[in-house]
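Undergrad: Before I ask anything, let me first share the structure, which is written out below as structure tokens.
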């Protein structure tokens, strides 16, 4: 088994993202090396707990580590201040002190929620992330973002709390439903689209293997995506300028996702957002013609194309976007596949009407 | 008016603590210099709001700043996740974005609570602290600790979130009840006791003026205490080793405070804790004879001596202390006034029975 290590730099030094097939068999060793602690609080949702949480617990205990499992109900609906409160209080009740390390085993909801528990427990204890989905391996494992949803919106309460290490074992992806694999892979295509044309081409070629959770192919993709995202985040840890290129597809994607009351998966929304933002870029003469077509072709094969798009509903969400000011929005535009147009500080000011035009065109095409 | 500036170093560079008489008249200028933001969210309890919050608001608006006031019910009972939730949601409702700065105007409850709101709002926005009590000026303004109480104990949930600046206007102390002034000054005596014999002597000489909230005398004391604490915290931001000298008086103080169900003020508890820990030190031959006597003499004049101490009730809390392991506790011991004995990593291992003996002696003396 080969393990590759991608180092993410942070102001505190940084942390390794370890990627490999079957890597969780070595979790105890990884914890002892990167996050030595007197006690380990393993946090999983109740679904992942039975698939991976209990086996992980057994291995940690076999290795002589003091580990306890804390679970919460699976689903985005659990990513709340209430779940955070319950997990925190359970850990306090169980007497976990400052010499604790939180181990988050699960998808993005778990890594965000358990990360926020760790960020605020006794003013902060270390966390090690063990992502079990493509999205969490590729996206959530780099950047140190933790947090919860509130009624005003998603991820509005949280903290930057980089992990001590991330352990991405691509064998765990086998238990992930195929639809969720596809949703997560959208972010991999995004990384290729904004930064690496060769990687984008490889993803096109191996989409089938990746969807089948071929662990070796998945390890290659996770490694490359993490390298690309880590390079961006290391440049700009606090989302000032360059980091916003990661928002490609997200201005329109988020509006569509919110307009659907989150019935639309995040991956599907971002996929459509990328296609529509390529449309915007081509109309403005910024993006190479044919880019939209190539994105649409591969992304439509990956996630089901969105039908019956209600453009009218998305417009108010576009206006509410944090990146919108005075009817003009900042949108990341590609120059071509593999390259973002530098624009004016890595994004372009686009009028709301141009965005609505693109949404309308997208609605007609779908 | 003279303003003195003490710089607190942190891993992010650091921040200034500005100390002066009437300094809040210049708050708008300070905000523009140290924490430029599109909008300011001023947070006060409803008591301090009428005394200082509204005048501050008027000045900020007169200076053309976009400022809104958010209040919560006064008292330690408000330092909860519930208050944090309400304040956060009110700010979200009012549309405060990432270009927000929180301005905390109040005592330690407010600086801790508003600081935690800032630490977690949209994953962290800047905070400027405007302490209105001795305790908040002297103690809470340095170190970047924010947080709330939970049923398992005080300050168990929170974050390290250093402010952009602290504005300590000692004129604001005039509205503070005399009893609270005394409680806060205990921490100033602690700073003298552990680090600066000359300062301790000055405090002894000016206790009357400080209790009367003489603004000039208060400014001198706040400045010196902040300098001393800042020097310690800059050495050791995350409470590894040296910083624990600030815990002098707190091992026994916390146990007594908890045993009284927090009926005993924090200052009174720490004052008694300092006296008793000096007793422990003298018995062990670590602390110069007469130290207990000198501490008791000045502290008894400051805060009412504790009567009818129930030692039995304090013992379980001593055992629950984070610093206790296997019946032996780590206690910071003075060598003499103005100097901590380096011991074994800035504290000494003391048996539980020695601590109980000191508690019992304290109970007899009181």
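The values are calculated or read from the model by the stated rules, or taken from the named source; none is laboratory data. Bear in mind that the values here come from a model prediction, so they are computed numbers and not experimental data. Neighbour counts are summed over all protein chains in view; Cβ atoms, including those assigned to glycine, are modelled from backbone coordinates with ideal geometry.
Undergrad: When you go through B:168, B:182, B:197 one by one, which is the residue that is more than 14 Å from chain A (Cβ to nearest Cβ) and buried (at least 24 other Cβ atoms within 10 Å of the Cβ)?
TA: B:168
Undergrad: Only residues that are surrounded by fewer than 22 Cβ atoms within 10 Å (Cβ to Cβ), facing chain B (nearest Cβ under 9 Å) and in a strand (DSSP E or B): list them for the range A:146-158, please.
TA: Answer for the range A:146-158, where residues must be surrounded by fewer than 22 Cβ atoms within 10 Å (Cβ to Cβ), facing chain B (nearest Cβ under 9 Å) and in a strand (DSSP E or B): A:150, A:153, A:155, A:156.
Undergrad: Just to be sure, is residue B:55 away from chain A (no Cβ under 14 Å) and without any contact (Cβ under 8 Å) to a residue 40 or more places away in the chain?
TA: yes
Undergrad: What residue, of A:95, A:64, A:13, A:53, is assigned to a helix (DSSP H, G or I) and in the same structural domain as residue A:123 (by TED's automatic domain parsing)?
TA: It is A:53.
Undergrad: With the requirement that a residue be more than 9 Å from chain B (Cβ to nearest Cβ), surrounded by 14 or more Cβ atoms within 10 Å (Cβ to Cβ) and more than 24 Å from the chain's Cα centre (by Cα), what does the range A:70-98 give you?
TA: Listed by number, the residues that qualify are A:86, A:90, A:91, A:96.
Undergrad: Wholly within the range A:257-328, which helices (runs of 4 or more DSSP H) include no fewer than the required count, namely at least 2 residues that are at pLDDT 85 or above?
TA: A:266-283, A:291-302
Undergrad: In the set A:48, A:6, which member is under 18 Å from residue A:175 (Cβ atoms), under 24 Å from the mean Cα position of the chain (by Cα) and not in a loop (DSSP other than H, G, I, E, B)?
TA: One residue alone meets the criteria, A:48.
Undergrad: Still on this structure: Determine if the range A:131-141 includes at least one residue that is under 25 Å from residue A:338 (Cβ atoms), out of contact with any strand residue (DSSP E or B) (no Cβ under 6 Å at 6 or more places or on another chain), within 14 Å of chain B (Cβ to nearest Cβ) and crowded, with 24+ Cβ neighbours inside 10 Å.
TA: Checked the range A:131-141: at least one residue is under 25 Å from residue A:338 (Cβ atoms), out of contact with any strand residue (DSSP E or B) (no Cβ under 6 Å at 6 or more places or on another chain), within 14 Å of chain B (Cβ to nearest Cβ) and crowded, with 24+ Cβ neighbours inside 10 Å.
Undergrad: Could you tell me whether the range A:107-128 includes any residue that is at pLDDT below 95, within 14 Å of chain B (Cβ to nearest Cβ) and within 12 Å of the chain's Cα centre (by Cα)?
TA: no
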